[in-house]
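Nothing in this text is a laboratory measurement; each read-out follows from the coordinates by a stated rule. All figures in this text were calculated on a predicted structure; none of them were measured in a lab. Heads up, the Cβs are rebuilt from the backbone with ideal geometry, glycines too, and the neighbour counts pull from every protein chain shown.
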Amino acid sequence: MAEGSIGQPIRRREDYRFLTGQGTYTDDINRPGQAYAYILRSPHANAGINRIDTSAAASAPRVVAVFTGKDMAADEIGGLPCGWLVNSKDGSPMKEPPHPVLALDRVRHVGDPVAVVIAESLGQARDAAEKIDVDYTIEPAVVDPAAALQPGAPQVWEQAPGNLCYDWALGDAGAVDAAFKGAAKTVSLDLVNNRLVPNAMEPRAAIGEYDRATGEHTLYTTSQNPHVIRLLMGAFVLHLPESKLRVVAPDVGGGFGSKIFHYAEEAIVTWAAPKVRRPVKWIAERSESFMSDAHGRDHVTHVDLALDAQNKFTALRVSTVANMGAYLSTFATCVPTYLYGTLLAGTYTTPAVYVETKAVFTHTVPVDAYRGAGRPEATFLLERIVDVAADELGIDPAELRRKNFIPANAFPYQTPVALQYDSGDYQSTLELALKAADYAGFEARRQEAGRRGKYRGIGLATYIEACGIAPSAVVGSLGARAGLFEAATVRVHPTGSVTILTGSHQHGQGHETTFAQLVADQLGIPIESIEIVHGDTAKIPYGMGTYGSRSLAVGGTAIVKAMDKIIAKGRKIAAHLLEASEADIEFKDGKFSVAGTDRSKSFGEIALTAYVPHNFPHEELEPGLDETAFYDPKNFTYPSGAHIAEIEIDPDTGRVEIVNFTASDDFGRIINPMIVAGQVHGGLAQGIGQALLEGCVYDKSTGQLLTGSYNDYAMPRADDLPSFSLSTHVTLCTHNPLGVKGCGEAGAIGAPAAIANALVDALRPLGIKHVEMPATPERLWRAIQQHQPRAAAD
Amino acid sequence: MQKTVSLTVNGKPASATVEGRTLLVQLLREHLGLTGTHVGCDTSQCGACVVHVDGEAVKSCTLLAVQAEGKNVLTIEGVANGDELHPMQEAFRNNHALQCGFCTPGMVMSALDLVKNNPKPTDREIREYLEGNLCRCTGYHNIVLAIAEGAAVMRGEAPPANPHGVAAE
Amino acid sequence: MYEFEYHRPTNLDDAAKMLGNEDAKLVAGGMTLIPTLKLRLAKPSDLVDLAALSQLKGITEEGDAVVIGAMTRHADVNRSPVVQRAIPALAQMAGMIGDPAVRNRGTIGGSIANNDPAADYPAAVVALNATVRTNKREIAADNFFTGLFETALEPGEIVTAVKFPKVATANYQKFRNPASRYAIVGVFVTKTLAGVRVAVSGAGSCVFRQSEMEQALGRSFTPDAIKDIKQPQDGLNSDIHASAEYRAHLVTVMARRAVAACA
């Protein structure tokens, strides 16, 4: 496979090791002499710590050491940093309370780390942890974001009166008010975007190791971005220079955002290893994951939409309260602002948009980016309010969307909420989806289902997302404390084989295949001679990792830029060898040729010459063929699409069956369609999970996590889901050389609103206007009972 | 209290000295170095740890190592024939039925158990049989396709046309 | 998990003796016990594994009854030609417990001795009017399940088998918890010459018989006969997955469906 491999469904190269049990996840790594850490966590949502007595634990059998926050404070260990500064609309900076690695005088959520026990085995560490005596003063807690803003609510931080972290706004409030005054029709909706637990199947894990001979610290961790962890932990927490800190993120068993962030346990094991003079390994049990992995979503929103007499949207007004949890996780603050408010134009020409977001502290696990991060929340409210408008106006939801789409010939398109979309064709993806879902034939299916006693509904949602995160200059101006470029090294070896060192990180995305296809195609060499290396800061250039559907658009482009440098140097070497002018050298099909002649040198010959430079233009060039490029995109990419759900509700039980799910997406150019389809499937499953099954529930009075295991948190299983019907329509991204947009989050963004709209469509005959997520059987049964007490289909 | 457990793993005799509370999955991963079997939860639900004991799928996180005394255990490491993948493993590759790979060993072991009990499962039966195996990456769509293909090949039939356009090797 | 002494007796008397230690626990399939131990929710001093007691395994016909050994696994009951022929609903129910890997380990004896309010077997044992055999006596189903995780078993008493009368007209319907997949409500309905029995699992703290439905169905064994019978909410479970009101409603729905499926 060489040129022409782009667009092919090539089987993944990484699969062999995973299918034979030979993957290397963090928990599969064992370092000589390692000890095991167990973290004692708070059982309370809000409590003062009066005293921690670790003496019995420290003298328990086979215990190596016990540490508390005081030990870390004595070493002047810093707090976990937040990577994004958001300012309130009055210009004041967000409230940024400290985030100690181990709690000091107070715990602020169930699961807050209080102490660490290091022992010869995990069982012994856990046995000893039960002997730690913590004297708590338990105080009232607040878990619900809207409740946190109420007067008299328990306060999470003294520094944040009223639990307010920031009160942010975007858009032209005056223009929006004016549009509402002149509107022919306005519609409103209150909705909740339910809190989710990411639940990558591999629980987090970390191993800290210290080499006294070299002074080098190594952290093996389940991370989506090892360089980011090295920067944050080294610079802000442990005060270690990058040159003495190596972070390795080996095979990682899924992330979905939850493994972007710098977590306490990474700092604990790295800090503890030299203190106990042994490698220290920590692995999360799933129960710990539920109370220590950053959660997602958790918004409460009011939305108003104004329309003119021609049913064109004239203004959108959104007011959201977003839960931050007890501490600010790494990228928490940008999620309900710059990844949310900026997307509220959606696929529509709405000329005026105003959004305000109040971010609040509560006594819950921190909330941060989870698959889609802000964009699912934006899409959900937008696509719900559009359906409400269609319902109240009595027009077809597809027709109302068509009427308001940004036309395909209007790109680049400047929205009223900062973004400039470069390309798209929303009409075509919608028509493709409508046709695939047989939207026109739905009414007959509804009636047939009605005869079987079922309520059947169809719902559609269009979406736009800003991916390929992101231009550093843009995000920097918006408060990001990091750049968001990507880096790649293309290392050509003497015989012409190639190693790609990428700053992107794969944890399921198939980069070892997709990136290799890209390189095979551009360099005209067999895919078998290409190796992709990622995940180890000691090997790869400084890159920002994988999230926000950015790996191909940003990381792949960095590879292309590095390959461009390789080809440019190769042409110089070829010109020298072929005694031709560099301007006459063409590179095609893996050969450097003199234009218009049959004289050529293969890629391998050029590589060999670069490393065995007996005949080499030393005066013009250095030997070697090894190039690095950093790519910082000019703009976000804007994948878009239309999703259609068709469902049936059993009125007796409220149980939902998804009869059909159709997704039509525009991801720009597609390198490996099989991998892209897999990304969409997975996103859809998480989106459908949010809509129907998943909801993180805290006890409102005690702050206890009620959905702390798979016994209570409903994960989508195979028999909850349908097979999906997918199609794509391509418009190319205009500002990256590959024309790619990204596909990882689309499913999770489009699906919730499509399902919710289908549910409301099914229940519309009963007068039901909205159902909250997750639309559990009881919730739907109750809605049916309340609207039509005798609706049971007897 | 330490006990020595002797059993057969992937066709070879194995033994280890473990605590009474040691789980079979810990014996496999920590004592025998067979790290292909994974632990994804602590409530016996996710199925990442499924292995075969005496030919039947069980959750190795819900069996004490001492309970496996004298048993014949098959883990994901013992499924392929040397370098040649088992048809079910091959079907997972052909259908992109794995992404992060963490649930995959348990999925393959459950799939083999299904086919043993039901050589020609329908898609619905496949989905129902996977009740004890969670995957967060694939949405199960491609896993269902893969198990149908793997079952067909195990029955000695030609695999169904690849729905992704993957060329036969 | 806390440390414990592990025992694998080879005869019932030894097993009963080992149970003499009041902090000792029996292990049958372990499908509830081991997860409980992993979460450190129990701290037994000794575990007494019944796996070596082969006399507790197997399915036999005894005249008008089928006797299932306590250590017989759900998968064996599900696939047993004897059970499929004599009490098809019992085979069907066994195939609905947990997931395939759980059914390959979990046993009937373990399930009924544990008496989880959301377990399936208690409904079958009660509705089929089975008899629980122990190392000491026989206990009628109606007297066996006494409360939340409680049974009539005395200290040192071990379930050895369950004897089910052959019943052709029976069905089990279960509404699953979307997270755990345990029964939010499971209703097992049987119709014999002796009458109709309706046993409900999941809804309350312990399996119970719905006598109002039994009487109505005794008069007319049709779904319509019970459609207006409302299960009282008092004493039903209520949690984040299902309120008592919803569970009460589901009892009627599942019972109707079970009756319909008997036809």
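The lysines within cross-link reach of A:K741, meaning a Cα-to-Cα straight distance under 27 Å and a gap of 8 or more places when in the same chain, are A:K259, A:K403, A:K435, A:K561, A:K565, A:K588, A:K634. In sequence order, region A:85-97 has phi-based couplings of 8, 10, 9, 6, 5, 7, x, 6, x, 4, 7, 10, x Hz under the Karplus curve 6.51 cos²θ - 1.76 cosθ + 1.60, θ = phi - 60°, and Gly or Pro positions carry x.
Give the aspartates and glutamates reachable from A:K181 as a straight Cα distance under 12 Å; neighbours fewer than 8 places away on the same chain don't count. Straight-line reach from A:K181, under 12 Å: A:D308. Exposure proxy ranking for C:K230, A:K601, B:K71, based on other Cβ atoms within 10 angstrom of each Cβ and starting from the fewest, stands as C:K230, B:K71, A:K601. Listing A:W282, A:W781 from fewest to most neighbouring C-beta atoms within 10 Å gives A:W781, A:W282. Need one word for region A:7-101: rounded, prolate or oblate. Basis is the Cα gyration tensor (sqrt eigenvalues a ≥ b ≥ c); a/c below 1.5 gives rounded, then a/b vs b/c decides. Because a/c hits 1.5 or more and a/b fails to exceed b/c, region A:7-101 counts as oblate.
Think of region A:691-789 as a dipole: +1 on every Lys or Arg Cβ, -1 on every Asp or Glu Cβ, centred on the Cα centre; then among A:L721, A:H787, A:L693, A:H787 lies furthest on the positive end.
Each Lys or Arg adds one and each Asp or Glu subtracts one; over the other residues with Cβ under 15 Å from the Cβ of A:I52, this totals -2.
For the pair C:V82 and C:E150, the difference between a 0.36 nm per residue extended length and the Cα-Cα distance amounts to 21.5 nm. Listed by chain and number, the lysines placed with their C-alpha closer than 29 angstrom to that of C:K166 are C:K57, C:K136, C:K174, C:K191, C:K227; residues fewer than eight positions away on the same chain are left out. Between amide H atoms placed 1.01 Å from N, distances below 5 Å from A:V114 occur with A:L40, A:R41, A:S42, A:A103, all of them 5 or more places distant or on a separate chain. Just so you know, the averaged projected area of the alpha carbon convex hull for the protein assembly as shown sits at 48.6 nm². With the cut-off at 1.5 for a/c, could you classify region A:440-524 from its C-alpha gyration tensor as rounded, prolate or oblate? Verdict is oblate for region A:440-524. Where only DSSP H runs of four or more residues are counted, chain C gives -8000 deg cm²/dmol as its mean residue ellipticity at 222 nm, each run worth -39500 (n - 2.57).
Each residue, A:E622 and A:N87, gets one label point 7 Å from its Cα in the Cβ direction; the gap between the two is 4.2 nm. When both region A:515-532 and region C:191-231 are represented by their alpha-carbon centers, they are found 68 Å apart. When the charge dipole of the protein assembly as shown is built from unit charges on Cβ atoms (+1 for Lys and Arg, -1 for Asp and Glu) and taken about the Cα centre, the candidate among C:A140, B:P159, A:T222 whose Cα reaches farthest toward its positive end is C:A140.
Placing +1 on the Cβ of every Lys and Arg and -1 on the Cβ of every Asp and Glu, with nothing else charged, gives the protein assembly as shown a dipole about its Cα centre of roughly 1520 debye.
Between the C-alpha center of region A:1-32 and that of region C:32-64 there is a gap of 41 Å. Residues whose amide H lies under 5 Å from that of B:D42, counting only those 5 or more places away or on a different chain, are A:R286, A:S287; hydrogens are built 1.01 Å from N in the peptide plane.
DSSP assigns beta bridges within the protein assembly as shown; of those with both partners inside it, close to 80 percent run antiparallel. Looking at region A:244-314, which trypsin sites (Lys or Arg not before Pro) are DSSP coil and have at most 15 other C-beta atoms within 10 Å of their C-beta? Taking region A:244-314 and a limit of 15 other Cβ atoms within 10 Å, the loop trypsin sites (Lys or Arg not before Pro) found are A:R277.
Across C:D234, C:D120, C:D14, mean-square fluctuation computed from a Gaussian network of chain C (C-alpha pairs under 10 Å connected) peaks at C:D234.
Please give me, ordered by residue number, the GluC sites (Glu not before Pro) of region A:605-662 that lie in loop per DSSP and have at most 15 other Cβ atoms within 10 Å. Qualifying residues, ordered by number: A:E619, A:E620. In loop segments of region A:371-459 as defined by DSSP, the trypsin sites (Lys or Arg not before Pro) with at most 16 further C-beta atoms inside 10 Å of their C-beta are A:R452. Positive end of the dipole of chain A (Cβ unit charges, origin at the Cα centre): among A:L501, A:G747, A:A179, the Cα lying farthest that way belongs to A:A179.
Helical content of chain A, expressed as a calculated mean residue ellipticity at 222 nm, amounts to -7500 deg cm²/dmol (DSSP H runs of 4 or more residues, -39,500 (n - 2.57) each, divided by residue number, nearest 500). Here each label is just a point 7 Å from Cα along the line to Cβ, and for A:A173 and A:E139 those points are 3.2 nm apart.
Summary of the geometry: region A:48-89 and region B:60-93, compared by the centres of their Cα atoms, lie 41 Å apart. In this structure the amide hydrogen of A:N672, modeled in the peptide plane, comes within under 5 Å of the amide hydrogens of A:G7, none closer than 5 places in sequence on its chain. Using θ = phi - 60° in the Karplus curve 6.51 cos²θ - 1.76 cosθ + 1.60, the 3J(HN,Hα) couplings for region A:408-415 round to 4, 9, 9, 8, x, 10, 8, 8 Hz; x is entered for Gly and Pro.
Label region A:75-186 by shape, choosing from rounded, prolate and oblate, from the square roots a ≥ b ≥ c of the eigenvalues of the Cα gyration tensor; if a/c is under 1.5 it is rounded, and otherwise prolate applies when a/b is larger than b/c, oblate when it is not. Here region A:75-186 falls in the prolate category. The HN-Hα couplings worked out from phi for region C:119-136 by the Karplus form 6.51 cos²θ - 1.76 cosθ + 1.60 (θ = phi - 60°) are 6, 8, 4, x, 5, 5, 5, 6, 5, 7, 6, 7, 10, 8, 9, 10, 5, 10 Hz, whole numbers, x standing for Gly and Pro.
Each label was represented as a point 7 Å from its Cα along the Cα-to-Cβ direction; for B:A158 and B:N72 these points are 3.5 nm apart. Sorted fewest first by neighbouring Cβ atoms within 10 angstrom, A:S92, A:S289, A:S319, B:S110 come out as A:S92, A:S319, A:S289, B:S110.
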